[in-house]
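The values are calculated or read from the model by the stated rules, or taken from the named source; none is laboratory data. Remember, it's a predicted structure, so these values are computed and weren't measured experimentally. Positions of Cβ are generated from backbone atoms using ideal geometry, with glycine treated the same way; all protein chains shown enter the neighbour counts.
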Amino acid sequence: MKTEIIYIANLKCSGCATTITNELLKLTGVKDVQVDTEKDCIEINYENIERKKIISKLHDLGYPEATEENGLLLKLKSFASCMIGRTHNLTH
């Protein structure tokens, strides 16, 4: 099992955290995800999955690694992901 901290861009709130957690846990091999909105990072425990698949999923959600280019499209994706997470938080 590997534990890693990944710093990401566009992380705003608990809505973002919910979407990130729910979507990353759908990946086979991801065991645990903790999102820290104060430090703009996630702590993830995983095994038998390539790191690039995790980074790709984050990117698809609009949360690129902090070292990646962060254009308007990714920022818009993150707002959509944030709203999905906020809606999920209201219904659960």
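What to note about this one:
- In segment 35-92, residue farthest from the chain's Cα centre (by Cα) [restricted to those that are touching a residue at least 24 places away in the same chain (Cβ under 8 Å) and at positive phi]: Asp40
- When restricted to residues that are farther than 18 Å from Cys41 by Cα and out of contact with any helix residue (DSSP H, G or I) (no Cβ under 9 Å at 6 or more places or on another chain), segment 61-91 contains 6.
- Residues in segment 47-92 that are at pLDDT below 95, of a type in the set (A, V, I, L, M, F, W, C) and in a helix (DSSP H, G or I): Leu72, Leu73, Leu74, Leu76, Phe79, Ala80, Cys82, Met83, Ile84, Leu90.
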